[in-house]
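K.L.:
Take this structure first; my questions come after.
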Amino acid sequence: MKKIILNLTPAIFFLSILLLSGNSCNRAAQKERGEGGEAVSSVTHIPFTMVVLPDTYTLGDEKIHGLITNNTDNEATFGERNSFEYYKNNSWSEVRFSSENALVIHDIAYLLQPHKDAGFDAYLWNEFFDYIPGKYRIKKEITTILTAEFTITQADSINANINTLHSDGDFTMTVSPAACNSNTDSLTVIIINNSQMEIAPLNHYYIERYGEMGWERCYYPSYTKFLWTTHTLSNNASKTYKIPLFTPENIQIFNPGRYRLCKYAEITLSAEFNISD
């Protein structure tokens, strides 16, 4: 029976992530296996890792099992989507399935808690691709949320010594000014990638306010193509954003209090495995 793809827009996928959202950043990693199969020293901190267990399957196997480890203080999420590549002539090439119709993928978000593991199964769809013995890898995207606090006060003069929290460690995000009033028209947000992994923050953001029930979302911009585009940051790279604050659209939303700005950031993981006769 042919199968139809479930095409979900980024907005729908991230709606499910919103139900699982969390906080921010760092811990020492255990010994893991890198993309080329080499051992990575435990001295090098790797924020997120992924392995395939076991690392060898046969041509008759229909799916593989993977394990993602979160070595940070941030919650993260991942979905069912993934891609496969095969190794040939010293390079990686994408596995392209030959189904007349696309394949069904229920793209929901699974929670990956700080300093925890989460397992997943991935179908090989071998009825749509002629696998041969050799080396393969699976690629999978995860999403984490970076946060940075700021305050809004009624006073015309602002106390610059207010203590606020922000994402730190592997991925740093800061907001300035940390203390604002009704004359503050925008926030300057800086994200720095301190890790060895690439990270791709989205232009999109949302703002939460701290109340009696904890952090509650108070401002969430409408979907636009621009907001859902990303900027890839390699090690030590940074990106600066200007976020509008007091505008005619939201001037009634921001009363004096404690707030935090939240930004999604995507990370692509890969893990190798072998297929034998």
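The values are calculated or read from the model by the stated rules, or taken from the named source; none is laboratory data. From a predicted model like this one, the values you see are computed outputs, not experimental measurements. Please note: Cβ atoms are built from the backbone with ideal geometry, for glycine as well, and neighbour counts cover all protein chains shown.
K.L.:
Could you check Asn126 against (1) surrounded by 15 or more Cβ atoms within 10 Å (Cβ to Cβ); (2) over 28 Å from Ala265 (Cα atoms); (3) in contact with a Phe, Trp or Tyr (Cβ under 9 Å, 6 or more places away or on another chain) and say which number it fails?
P.N.:
In the conditions (1) surrounded by 15 or more Cβ atoms within 10 Å (Cβ to Cβ); (2) over 28 Å from Ala265 (Cα atoms); (3) in contact with a Phe, Trp or Tyr (Cβ under 9 Å, 6 or more places away or on another chain), Asn126 misses (3) alone.
K.L.:
Quick check on my filter: what residues within segment 54-65 are part of a strand (DSSP E or B) and within 18 Å of Glu80 (Cβ to Cβ)?
P.N.:
Of all residues in segment 54-65, those part of a strand (DSSP E or B) come to 56-58, 63-65.
Lys63, Ile64, His65 - these are the residues of segment 54-65 that are part of a strand (DSSP E or B) and within 18 Å of Glu80 (Cβ to Cβ).
K.L.:
Can we say Ala76 is surrounded by 14 or more Cβ atoms within 10 Å (Cβ to Cβ) and within 17 Å of Ser270 (Cα to Cα)? Break it down stepwise before answering.
P.N.:
Working: surrounded by 14 or more Cβ atoms within 10 Å (Cβ to Cβ): yes; within 17 Å of Ser270 (Cα to Cα): yes.
It is true that Ala76 is surrounded by 14 or more Cβ atoms within 10 Å (Cβ to Cβ) and within 17 Å of Ser270 (Cα to Cα).
Residues checked against (1) without any contact (Cβ under 8 Å) to a residue 40 or more places away in the chain; (2) under 30 Å from Lys263 (Cβ atoms); (3) within 17 Å of the chain's Cα centre (by Cα):
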{"position": "Thr69", "(1), (2), (3)": "no, yes, yes"}
{"position": "Glu75", "(1), (2), (3)": "no, yes, yes"}
{"position": "Asn82", "(1), (2), (3)": "no, yes, yes"}
{"position": "Lys88", "(1), (2), (3)": "no, no, no"}
{"position": "Ser91", "(1), (2), (3)": "yes, no, no"}
{"position": "Arg96", "(1), (2), (3)": "yes, no, no"}
{"position": "Ile105", "(1), (2), (3)": "no, yes, no"}
{"position": "Pro114", "(1), (2), (3)": "no, yes, yes"}
{"position": "Asn126", "(1), (2), (3)": "no, no, no"}
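K.L.:
If you take the residues in segment 84-109 that are hydroxyl-bearing (Ser, Thr, Tyr) and at pLDDT below 95, which one is surrounded by the fewest Cβ atoms within 10 Å (Cβ to Cβ)?
P.N.:
The selected residue is Ser98.
K.L.:
Working only within segment 211-236, note down all residues that are within 17 Å of the chain's Cα centre (by Cα) and among the hydrophobic types (A, V, I, L, M, F, W, C).
P.N.:
Those that are within 17 Å of the chain's Cα centre (by Cα) and among the hydrophobic types (A, V, I, L, M, F, W, C): Leu227, Trp228, Leu233.
K.L.:
Are there any pairs with C-beta distances below 9 angstrom linking a residue in segment 51-63 that is under 16 Å from Asp117 (Cβ atoms) to a residue that is at pLDDT below 95, with the two at least 6 apart or on different chains, and if so which?
P.N.:
Sorted first by the residue in segment 51-63, then by its partner, the pairs are Val51/Glu32; Val51/Arg33.
K.L.:
Another question, then. Which residue pairs have Cβ atoms under 9 Å apart, sit 6 or more places apart or on different chains, and have a first residue in segment 252-263 that is over 17 Å from Met213 (Cβ atoms) and a second that is among the small types (Gly, Ala, Ser) and outside any loop (DSSP other than H, G, I, E, B)?
P.N.:
Leu261/Ala148; Lys263/Ala148
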